[in-house]
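The values are calculated or read from the model by the stated rules, or taken from the named source; none is laboratory data. Everything numeric here is computed off the predicted structure, so don't read it as measured data. Virtual Cβ from ideal backbone geometry, glycine too; neighbours counted across all protein chains shown. Side chains included, ligands, DNA and RNA excluded: accessible areas come from the protein's heavy atoms. Shrake-Rupley method; radii C 1.70, N 1.55, O 1.52, S 1.80 Å.
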Amino acid sequence: MYSLMLRAAAGLGAVLLTATPAAAPHVDPSIPGANVVDVVALDYAFEMPSSIPAGLTTLRLTNKGKELHHVYVVKVEAGKTANDVMAWFKAGGPPPAWLKPVGGPNASMGATLFTSTLDAGKYVALCVIPSPGGPPHVMKGMIKEFTVTPSNRKAPAPKADITLTLSDYALEFSKPLSAGKHIVAVTNTGKQPHEFFFAKLVPGKTPMDMAMFAENPNGAPPGMPMGGITDILPGATVYLEIDVPAGEYGFMCFTPDAKDGKPHLAHGMIKQVSVK
């Protein structure tokens, strides 16, 4: 039996495991009114608050571990805990109805800034990237419950300067992506959950080289991990703050398809983007 989240991260994990994360510089979020929550990834645990107020929230992921990590956040129904999430993960199969992915910061060689409006309720954060030749990090204890408490906190809707639309099966920017800082609105218009990972490509390499390397990680990696988001549900919109230098980039979705289990990139959800 397979775990949907494990398969979603397996290829990404293979890419990331070849790189040693550098110390991430301090990055100040720029979305007005968002409550900034620091999430520090270790080998193998999260350091983050156990309670945060509802509303517009920026998760700022930094990594102090030797391996790369991401934050896969799910909202669970009342009465469910991290133990229930772990039990499902071990058993495998599609996500149960009581568990809803809400996104989170994907792994990069620096800090990742992910912003979304979190409703009150119980949540679980986990990392499903596998260790070299070993199990996914969640199986080593990299899972943490947290509560989002009711709040009257108000914040204006984030003002993105570019939109990335995820569909079944494409990634499309609203305009060409230029070098520098951006607030990217990421919207899922498809019928399935989607995520995206992006990497700055080594000259001469392609996004498919990145995907093939994920299947068979031999030799030097064809790109540098730059982050992205973990799975969001159809209809969801989240925000990602990025700072990209000029170059060639590969964008791809590793989430397995609901029909055949193949990663969405195998259905065409992979794209090369030139940044000038």
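Please give me, ordered by residue number, the GluC sites (Glu not before Pro) of segment 119-221 that lie in loop per DSSP and have at most 13 other Cβ atoms within 10 Å. Passing sites in segment 119-221 do not exist. Based on every Cα atom in segment 194-247, Rg and the maximum pairwise Cα distance Dmax equal 13.1, 39 Å. The residues of the chain expose, per residue, 42 Å² of accessible area to a 1.4 Å probe.
Pairwise Cα separations in segment 186-276 fall into 10 Å bins from 0 onward with the following percentages, short to long: 17, 47, 31, 5. Helical content alone sets the calculated 222 nm signal of the chain at -3500 deg cm²/dmol, taking -39,500 (n - 2.57) per DSSP H segment of four or more residues and averaging over every residue. Counting every C-alpha pair in segment 42-140, the share spaced more than 24 angstrom apart comes to 22%.
Each pair of Cα atoms in segment 97-164 enters the Kirkwood radius, and Stokes-Einstein at 20 °C and 1.002 mPa s then converts it into a translational diffusion coefficient of 143 µm²/s. Highest GNM mean-square fluctuation among Thr58, Thr187, Thr115, for the chain modelled with Cα contacts below 10 Å: Thr187.
If you count Lys pairs in segment 32-134 whose Cα atoms are under 29 Å apart, skipping same-chain pairs closer than 8 places in sequence, the total is 15.
Computed over protein heavy atoms with a 1.4 Å probe, the carbon and sulfur contribution to the accessible area of the chain reaches 55%. Sorted largest first, the spans of the alpha carbon positions of the chain along the three principal axes are 50, 43, 37 Å. Say we join alpha carbon atoms closer than 10 Å with springs in a Gaussian network model of the chain; which of Ile162, Ile229, Ile183 then has the biggest fluctuation? Highest fluctuation of the listed residues: Ile162. Projecting the Cα atoms of Val138, Phe251, Gly55 onto the charge dipole of the chain (Cβ charges, centred on the Cα centre) puts Gly55 farthest toward the positive pole.
For the chain, modelled as a GNM whose springs connect Cα atoms under 10 angstrom apart, the maximal fluctuation among Gly223, Gly79, Gly141 occurs at Gly79.
Suppose a student asked you for the relative contact order of segment 234-273, using Cα pairs under 8 Å spaced at least 6 residues apart; what percent would you report?
Working: 31 pairs, mean separation 15.4, N = 40.
Over segment 234-273, the number comes to 39 percent.
By the Kirkwood approach, averaging reciprocal distances over each pair of separate Cα atoms, segment 127-179 gets a hydrodynamic radius of 16.0 Å. Farthest towards the positive end of the charge dipole of segment 55-135, among the residues Val85, Gly121, Gly110, is the Cα of Gly110, using unit charges on the Cβ of Lys, Arg, Asp and Glu. Taking a ≥ b ≥ c as the square roots of the eigenvalues of the Cα gyration tensor of segment 145-206, is the shape rounded (a/c under 1.5), prolate (a/b larger than b/c) or oblate? Prolate shape, in that a/c is at least 1.5 and a/b is the bigger ratio. Once you have a ≥ b ≥ c as the square roots of the Cα gyration tensor eigenvalues for segment 131-254, tell me rounded if a/c is under 1.5, and otherwise prolate or oblate according to whether a/b is larger than b/c. Taking the square roots of the gyration eigenvalues as a ≥ b ≥ c, segment 131-254 is oblate.
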